Amino acid sequence: MAETFLFNIAERVVEKIVGLTVEEVRLAFNVKIDLKKLEDSMISIKAVLLDAERQRHQNEKLRLCMWKLRDIFYDAENVIDDFKCETLRKQDAINHPNINNLKVRVFGSCCLPLSFSSKMSHKIKDINGRLGELATEWNSFDLRQYSDNRHVFRRETICFVDSSDVIGRDEDKENIISMLMKPSEDQNVPVIPIVGLGGLGKTSLAQLAFNDGRVTSLFPLKIWICVSEEFDLSRLLKLIIQSINKEERCDDLTLEALQACLRSLLNHKKFLLVLDDVWSENQAKWVELRNLLRSVDGLSQSKIIVTTRSWNVTSTMSSIPSYELKGLPHEDCLALFTKWAFNYGDERQYPNLIRIGEDIVKKCKGVPLAVRTLGSLLFQKTNESDWIYIRESEIWRLEQDENDILPVLKLSYNHLPSHLQRCLAFLSLYRKDKMYYSDKVIRLWMANGLLEHPKQNQEWEDVGKRYLNELLSRCLIQKERDFGLYFSFKMHDLVHDLVLDVSQKECKTVNFETERVDENVRHLLLCDEKLVEVPRVLEEMKNVQTIIIRDASKESKTIYESIINLCVSNFKYLRALELSHSPLAALPNSIGTLKHLRDLDLDECRGIRELPRSFYNLRSLQSLNLGDTGLKQLPDSVQRLIELRHLVITIEATHLKEIRAGCWTSLQYLKLVRCIKLECLPEGMQYLKSLRTLVLSYCIRLVSLPWSLKFLTKLEHLEIIGCTKINLEMEAEEEEEKDLQLSLKTFSLESLSVLTDFPRLLLQGSSSTLQQLRISICPHLSVLPAWLPNFTSLHKLEIMGCINLSALPEGIDRLTNLRELTIGRCPQLSKRYKQNGGEDWHKIAHVQKIDIFG
């Protein structure tokens, strides 16, 4: 069922209206009252939207009304963003005066073009009018105010399972039983968390262990509780008491009486307690139950098993490593599918169906519940066309019961806060099995206004990272590789099916065969090598905010040129445009009309040699990727983009133009990549007051870093890769040394063939802040500095491919916060610090995670 995301959209729009400055409101005459009316209307509607979301599946009129509201809310957001665009235009006119900006210079801040004022007044009145027209219908639904607690009704589970119905979990069962039989090491009751994606069989695994004869012998008292709802202590105590003694009447007991009753039932008994389907991440509630259990006499040999979809739950409830349940192997999945699709033995009569079934099973990617769902759909169906239909269909389009795979996964989605629901749905804009990159995803979320406003001392990027960490903790995405500044991740195909389902009217993948696209879809992925021109279905669309082109024909410029022309003519409120790897030779001058564009990706557009004159009009740009383009020089127009937060540059020039005061004041991330003629960084680096990340990658003629870096007091991450001529041993007067103010958190040096000694001055001031240090492929580096142990916050150290490095500095054991140490392809270091026989192993033995190889 497609989601409206109405609550989150309303939150963001109200946030933007409230955030309008006095100066921005003054940009249009006589709109203050209308803006206040719009704000009040949206707050009033938002107050009952959660109730509307609960009821819409049973009320078609309500559902249609909500879709109308969604379109009005989007239009309201666009109008509010128009104020921001006009503010930026005015600021640019003041900063760069010319004859065309005479009115602004003469009249200052009090007077602006009447056309803008008139347009804004008309648009806001129009939106208020449309809301007024819907008011009678909306009020007729008699909606109530609810808090956003994401209360979800879930299934009940029991302790029994027919072991013949569970295939491929024997090894997992033995592992859990082994953990149960292991003696406890302290007085706390050990908690064994089983964590994984919905549908993997966590409950089935717990049931197998619970009913095993060895476990029954070990634990005379066994208790199975399906937590599912809120982790309420009183409710849990009643369930546990009634599980132990069904005759016990406890409905009217106080919490204190319940505790006394439970203690009397558990004292001096060895028990196994299973808490199945735990969702609450509230540590205080778990501590309440834990403290009660601690008061039971003879507790030490009892155990608790917890099943959950959330890593946050496991860290809250247990100090021992979680048991992560993985997907089933293909052969086990095929056996399970056969069991559910056929009566016993009948599969032998249908070898043609089994061949189709193998392809169907591959769609399930090891999730047993998905295998069972599709097998059940085909039970006693022997017509080959039925099987082919299932094989060729997306799982999310198939009719399913409440206990089938997508409804079960939908529980995880429903449990997300509204802002995370919308961000997760946005990920449907990637194809199945494609890798996601955290930094790119966050920038797209930012461009489309999907992130809540940062709290004090936070940036927008920090909010995006928090969102991704929450999705990781809930097993909705899986991290593949950590690159330090960003990470790659994947989404299980079944979760991808889920997000395709909920995002049907927000996101759409368009290919050569696409015949229809809902006119109100906001985000498009064009993805097909056969695409050589813009599909006609897109020509009538007006509301698109994101265009991503991937895997289109690289031989034809037509598709890319046509898309840009379509954006200019139709998509006035476009926020993100990705044209990476395109054969474009130039951008049209008309691209400057996309005043709402916030993310432009031209990565590896090698044919682009210069940017159009109108480029400075893209004043809303937050992210600009010009990496691996053919740019001869970065034009002055780019420095006029004062909203830029993320900038990647490749140029052919030997020098970058000086950075002027007042330019790039919001810039957080700067990367210079493969600027093969660049000899020095630009003058004026000291003006990048907000810069947090600087990456210098394969600038092979770069010889030094400017002293202006010392003024970058917010710089946290510095990476220098493949700059083979760079000299980091900066010479300075003693007074200059004292002035160096860098406080880095991560520092990475890679493929620096001239590096012989560690750059002390670069790390001056970072002794209490540096958390991660990476040194890779520096063959002439022979010694690490004696002052390295002074970096008391260091928790990750990686040394790779430093063949002449023979020892870590004395005092390395003083790095008590060091949690990860990797030494690879460093023959002398590897020999000296290996666990068995290394003469200095004892100096690093305190580190939690050590990886030494090569």
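The values are calculated or read from the model by the stated rules, or taken from the named source; none is laboratory data. Nothing here was measured: the structure is a model prediction, and the numbers come from that model. No Cβ is skipped: glycine too gets one built from the backbone with ideal geometry, and neighbour counts run over all protein chains shown. Keep in mind that these areas ignore ligands, DNA and RNA; they rest on the heavy atoms of the full protein, side chains included. Shrake-Rupley method; radii C 1.70, N 1.55, O 1.52, S 1.80 Å.
The residue of region 187-222 that is least open to solvent (accessible area, probe 1.4 Å), among those that are over 14 Å from Leu273 (Cα atoms) and free of Cβ contacts under 8 Å to residues at least 12 places away in the same chain, is Gly213. State all residues of region 780-790 that are open to solvent by less than 10 Å² (accessible area, probe 1.4 Å) and either over 19 Å from Glu750 (Cβ atoms) or aromatic (Phe, Trp, Tyr) (or both); if no residue qualifies, say none. Listed by number, the list holds a single entry, Pro789.
Scanning for something among the β-branched types (Val, Ile, Thr) and not in a loop (DSSP other than H, G, I, E, B), does region 518-538 turn up at least one residue? Walk me through how you get there before you give the answer.
Step one: of region 518-538, the residues among the β-branched types (Val, Ile, Thr) are 521, 532, 534, 537.
Of the ones still in play, those that are also not in a loop (DSSP other than H, G, I, E, B) are 537.
Checking region 518-538: at least one residue is among the β-branched types (Val, Ile, Thr) and not in a loop (DSSP other than H, G, I, E, B).
For Ile547, are the conditions met, namely being crowded, with 20+ Cβ neighbours inside 10 Å and assigned to a strand (DSSP E or B)? Spelling it out, Ile547 is indeed crowded, with 20+ Cβ neighbours inside 10 Å and assigned to a strand (DSSP E or B). Select from region 315-333 the residues that are among the aliphatic types (A, V, I, L, M) and open to solvent by 60 Å² or more (accessible area, probe 1.4 Å) and list them in ascending order. Once the filter is applied, which keeps residues that are among the aliphatic types (A, V, I, L, M) and open to solvent by 60 Å² or more (accessible area, probe 1.4 Å), region 315-333 yields only Ile320. Restricting Leu411, Leu398, Leu416, Leu451 to residues that are aliphatic (A, V, I, L, M), without any contact (Cβ under 8 Å) to a residue 40 or more places away in the chain and over 29 Å from Asp528 (Cβ atoms) narrows the list to Leu451. Against the numbered list (1) under 22 Å from Leu752 (Cβ atoms); (2) part of a helix (DSSP H, G or I), Pro682 comes up short only at (2). Among residues of region 794-845 being open to solvent by 40 Å² or more (accessible area, probe 1.4 Å) and small (Gly, Ala, Ser), the one that is modelled with the lowest pLDDT is Gly837. Checking Lys432, Lys455, Lys530, Lys440 one by one, the residue that is within 10 Å of the chain's Cα centre (by Cα) and open to solvent by 20 Å² or more (accessible area, probe 1.4 Å) is Lys440 and no other.
Against the test of being in contact (Cβ under 8 Å) with a residue 12 or more places away in the chain and under 20 Å from Gly129 (Cα atoms), the options Asp51, Asp92, Asp40, Asp81 yield a single qualifying residue, Asp81.
Considering Asp170, Asp126, Asp142, the condition of being open to solvent by 70 Å² or more (accessible area, probe 1.4 Å), modelled with pLDDT of 95 or more and more than 29 Å from Val25 (Cβ to Cβ) is satisfied by Asp170 alone. Residues that are within 18 Å of Glu820 (Cα to Cα) and outside any loop (DSSP other than H, G, I, E, B) within region 481-512 comprise Arg481, Asp482, Phe487, listed in sequence order.
I'd like to check which helices (runs of 4 or more DSSP H) are fully inside region 349-453 and have at least 2 residues that are more than 21 Å from Ala2 (Cα to Cα), in the same structural domain as Phe337 (by the TED database) and among the small types (Gly, Ala, Ser).
Numbers: elements: 351-363, 368-377, 384-392, 405-414, 418-426, 438-447.
Ranges flagged: 368-377, 438-447.
Under the condition of being at pLDDT below 95 and surrounded by fewer than 15 Cβ atoms within 10 Å (Cβ to Cβ), which residue from region 680-704 is nearest to Arg598 (Cα to Cα)? Top of the filtered list is Lys689. Among the residues making up region 173-186, a single one is of a type in the set (S, T, N, Q) and either part of a loop (DSSP other than H, G, I, E, B) or surrounded by 18 or more Cβ atoms within 10 Å (Cβ to Cβ) (or both): Ser184.
Evaluation of Ser473 against the conditions (1) open to solvent by less than 30 Å² (accessible area, probe 1.4 Å); (2) closer than 26 Å to Arg522 by Cβ; (3) touching a helix residue (DSSP H, G or I) at 6+ places or on another chain (Cβ under 6 Å) shows that the sole unmet condition is (2).
I want to confirm something. Restricting to region 768-779 and keeping residues that are assigned to a loop (DSSP other than H, G, I, E, B) and in contact with a Ser or Thr (Cβ under 7 Å, 6 or more places away or on another chain), which single residue is least open to solvent (accessible area, probe 1.4 Å)? Before you say what the answer is, go through the steps one by one.
Keep residues of region 768-779 that are assigned to a loop (DSSP other than H, G, I, E, B), which gives 768-771, 777-779.
Adding the requirement that they be in contact with a Ser or Thr (Cβ under 7 Å, 6 or more places away or on another chain) leaves 768-771, 777, 779.
Working: Ser768: 76, Thr769: 40, Leu770: 1, Gln771: 67, Ile777: 77, Pro779: 38 Å².
Step by step, filter region 768-779, then rank; the result is Leu770.
If you check Leu374 against the conditions, is it open to solvent by less than 20 Å² (accessible area, probe 1.4 Å) and free of Cβ contacts under 8 Å to residues at least 40 places away in the same chain? Judged against the criteria, Leu374 is a match. Cys605 satisfies every condition listed in (1) of a type in the set (A, V, I, L, M, F, W, C); (2) in contact with an Asp or Glu (Cβ under 9 Å, 6 or more places away or on another chain); (3) surrounded by fewer than 23 Cβ atoms within 10 Å (Cβ to Cβ) except (3). Of all positions in region 387-394, at least one carries a residue that is within 30 Å of Ser473 (Cβ to Cβ), at pLDDT below 90 and of a type in the set (D, E, K, R).
Listed here are the residues, each with its yes/no results for (1) assigned by the TED database to the domain that holds Asp482; (2) assigned to a helix (DSSP H, G or I); (3) closer than 28 Å to Gly765 by Cβ; (4) of a type outside the set (A, V, I, L, M).
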{"site": "Glu798", "(1), (2), (3), (4)": "no, no, yes, yes"}
{"site": "Ser806", "(1), (2), (3), (4)": "no, no, no, yes"}
{"site": "Leu821", "(1), (2), (3), (4)": "no, no, yes, no"}
{"site": "Lys831", "(1), (2), (3), (4)": "no, yes, no, yes"}
{"site": "Gln835", "(1), (2), (3), (4)": "no, no, no, yes"}
{"site": "His846", "(1), (2), (3), (4)": "no, no, yes, yes"}
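Is one or more of the residues making up region 240-258 in contact (Cβ under 8 Å) with a residue 12 or more places away in the chain, touching a Leu at 6+ places or on another chain (Cβ under 6 Å) and hydroxyl-bearing (Ser, Thr, Tyr)? No. Which of the residues spanning region 352-368 are within 21 Å of Leu200 (Cβ to Cβ) and crowded, with 17+ Cβ neighbours inside 10 Å? The answer is Gly357, Ile360, Val361, Lys363, Cys364, Lys365, Gly366, Val367, Pro368. Here Leu597 clears all of (1) open to solvent by less than 10 Å² (accessible area, probe 1.4 Å); (2) more than 24 Å from Ala93 (Cα to Cα) except the condition numbered (2).
If the condition is being of a type in the set (A, V, I, L, M) and under 11 Å from Trp787 (Cα atoms), then region 756-771 contributes only Leu763.
Checking Ala76, Ala28, Ala52 one by one, the residue that is closer than 14 Å to Phe5 by Cβ, among the small types (Gly, Ala, Ser) and outside the structural domain of Leu416 (by the TED database) is Ala52 and no other. Of all residues in region 275-293, those satisfying the criterion of being part of a helix (DSSP H, G or I) and open to solvent by less than 20 Å² (accessible area, probe 1.4 Å) are Trp286, Leu289, Leu292, Leu293. Can you tell me which residues in region 1-16 are open to solvent by 10 Å² or more (accessible area, probe 1.4 Å) and under 20 Å from Pro454 (Cβ atoms)? The answer is Glu11, Arg12, Val14, Glu15, Lys16.
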